[in-house]
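Read through the structure below, which is laid out as structure tokens, and then see the notes.
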Amino acid sequence: MTTDTLVDERTWRPSTLDEFVGQSAIKSTLDLMLRSAIMRGAVLEHVAFYGPPGLGKTTLAYIIANTVGGSLRELSAPAITKPGDLATVLTSLSLGDVLFLDEIHALKREIAELLYSAMEDFKVSIQLEKRDDIITLPLKQYTLVGATTDYGLLPEPLRARFGHIFPLDLYTQDELMQVVARAAFLSEVLIDRESLEMIAARGRGTPRLALRLFRRCYDLAVVRGSDLTAELTAEALEMLRVDEMGLDEADRRYLYTLATVYNGGPVGLKALATSAGLNPTTVEQSIEPWLLRSGLVARTRLGRRITKLGLAHLATTTDIVETTK
Ligand SMILES: Nc1ncnc2c1ncn2[C@@H]1O[C@H](COP(=O)(O)OP(=O)(O)OP(=O)(O)O)[C@@H](O)[C@H]1O
Ligand SMILES: [Mg+2]
């Protein structure tokens with residue numbers, strides 16, 4: 001092991017579809033679209049990805065740009081305040097470039113409208129400052145890659161303009177083990193199977209989270225001058241207070257509030273989040289997907305409900321009682 005190895009999420013980012021772990025349905029469709037576009041000498045159609053944070057949306061945009069050989073421009077929709085800002089970026093794109101628009105559901109209406117013709121007809125119409133007339137500028141053919149954590153908020157005209165919209169799903173334990181094994185290999189640290197299992201089990205189906213846990217385990221390995229053994233990994237994970245199902249203090253507080261204040265539910269999102277002192281958006285996007293997936297909580301027509309498994313899990317945790325009292 002070398003201690004000067006760059007340990008950074010960006011260096012672990014897969015740059016080809018082959019290196020991208022899991023999401024096999026997405027990979028095969030995307031691979032087909034890419035091959036066909038390349039064989040036809042055409043620009044890839046616009047595509048969008050949606051799913052919880054940390055599952056690889058940005059990574060896929062990088063892979064697309066890398067595969068088609070275009071430059072990648074990255075923009076976050078909430079940061080675009082004026083139509084002119086988006087128009088400036090669009091007109092600066094070269095043939096085959098990839099424009100990655102993150103949080104695309106948060107585009108302001110007038111900016112989304114500008115995007116419609118920019119996607120469909122490759123042109124933008126803008127009003128120049130201090131002038132009444134509107135000018136229309138042609139754009140080079142480019143690929144828009146949209147990403148959103150909230151598919152429901154995408155306006156229908158926007159959805160209709162994508163050649164394909166890919167849903168990203170949480171990763172399996174096995175897939176997360178591969179993600180971590182790859183990062184360990186690139187960081188030149190030896191890691192045993194048990195450590196991979198422990199980290200993956202706590203990764204909440206999310207590569208970003210599994211990799212973050214791995215980095216803290218790696219830190220301990222560096223400091224001790226050791227490989228990542230099960231013993232060392234257990235020690236590092238203990239320090240992070242992430243339990244064996246990957247729940248952190250906020251998750252446990254959510255469960256505890258649901259079980260005690262609301263008698264196990266059903267209860268609506270807002271009431272539950274407020275009582276637990278959590279932000280409703282954070283609850284819906286970062287806390288609930290994993291609690292639902294792991295069967296600790298159920299979502300019914302009447303609201304959220306704790307399951308038997310959720311109650312059993314809560315009984316094994318002790319820290320929550322101290323923090324909520
Ligand atoms: N399928 C995968 N295989 C290997 N590594 C992955 C995979 N998906 C994600 N990663 C890693 O996880 C990290 C997080 O992924 P990424 O930034 O693409 O997520 P995201 O979906 O864009 O998240 P956000 O919604 O928060 O922007 C990346 O740095 C990448 O290294
Ligand atoms: Mg991202």
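The table that follows gives values for the structure above.
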{"item": "Only listed residue being crowded, with 17+ Cβ neighbours inside 10 Å, at pLDDT below 95 and among the acidic types (Asp, Glu), chosen from Asp227, Asp243", "result": "Asp243"}
{"item": "Number of the condition not met by Thr274 [criteria: (1) open to solvent by less than 60 Å² (accessible area, probe 1.4 Å); (2) more than 17 Å from Gly205 (Cβ to Cβ); (3) out of contact with any Phe, Trp or Tyr (no Cβ under 6 Å at 6 or more places or on another chain); (4) not aromatic (Phe, Trp, Tyr)]", "result": "(1)"}
{"item": "Unmet criterion (only one of (1) touching a helix residue (DSSP H, G or I) at 6+ places or on another chain (Cβ under 8 Å); (2) surrounded by 16 or more Cβ atoms within 10 Å (Cβ to Cβ)) for Glu194", "result": "(2)"}
{"item": "Residue in region 247-270 that is under 22 Å from Ile191 (Cβ atoms), under 28 Å from the mean Cα position of the chain (by Cα) and exposed (fewer than 15 other Cβ atoms within 10 Å of the Cβ) present", "result": "no"}
{"item": "Counted residues, region 95-113 - those being open to solvent by less than 20 Å² (accessible area, probe 1.4 Å), away from ligand 2 (no atom under 16 Å from the Cβ) and part of a helix (DSSP H, G or I)", "result": "2"}
{"item": "Any hit, region 226-246, residues being out of contact with any Lys or Arg (no Cβ under 6 Å at 6 or more places or on another chain), assigned by TED's automatic domain parsing to the domain that holds Val189 and among the β-branched types (Val, Ile, Thr)", "result": "yes"}
{"item": "Top-ranked residue in region 277-306 [being basic (Lys, Arg) and not in a loop (DSSP other than H, G, I, E, B); ranked as surrounded by the most Cβ atoms within 10 Å (Cβ to Cβ)]", "result": "Arg304"}
{"item": "Test result for Ala61, at pLDDT 95 or above, small (Gly, Ala, Ser), more than 10 Å from ligand 1 (Cβ to nearest atom) and within 24 Å of Asp150 (Cα to Cα)", "result": "no"}
{"item": "Candidate set from region 307-325 (those that are of a type outside the set (D, E, K, R) and loosely packed, with under 14 Cβ neighbours inside 10 Å); member that is modelled with the highest pLDDT", "result": "Ala312"}
{"item": "Strands (runs of 3 or more DSSP E) wholly inside region 134-238 that include at least 1 residues being under 23 Å from the mean Cα position of the chain (by Cα) and within 16 Å of Lys57 (Cβ to Cβ)", "result": "143-148, 164-167"}
{"item": "Answer from Asp174, Asp133 - the residue that is acidic (Asp, Glu), away from ligand 1 (no atom under 12 Å from the Cβ) and free of Cβ contacts under 8 Å to residues at least 12 places away in the same chain", "result": "Asp133"}
{"item": "Sole exception among (1) touching a residue at least 24 places away in the same chain (Cβ under 8 Å); (2) within 30 Å of Arg193 (Cα to Cα) for Pro266, by number", "result": "(2)"}
{"item": "Residue within region 74-90 that is under 28 Å from Asp18 (Cβ atoms) and crowded, with 20+ Cβ neighbours inside 10 Å present", "result": "no"}
{"item": "Only listed residue being open to solvent by 30 Å² or more (accessible area, probe 1.4 Å) and within 19 Å of Leu170 (Cα to Cα), chosen from Thr11, Thr59, Thr67, Thr29", "result": "Thr29"}
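The values are calculated or read from the model by the stated rules, or taken from the named source; none is laboratory data. Just so you know, these numbers come straight off a predicted model, no measurement behind them. Here Cβ is always computed from backbone atoms with ideal geometry, including for glycine, and neighbour counts include all displayed protein chains. With ligands, DNA and RNA removed, areas are computed over all heavy atoms of the protein, side chains included. Shrake-Rupley method; radii C 1.70, N 1.55, O 1.52, S 1.80 Å.
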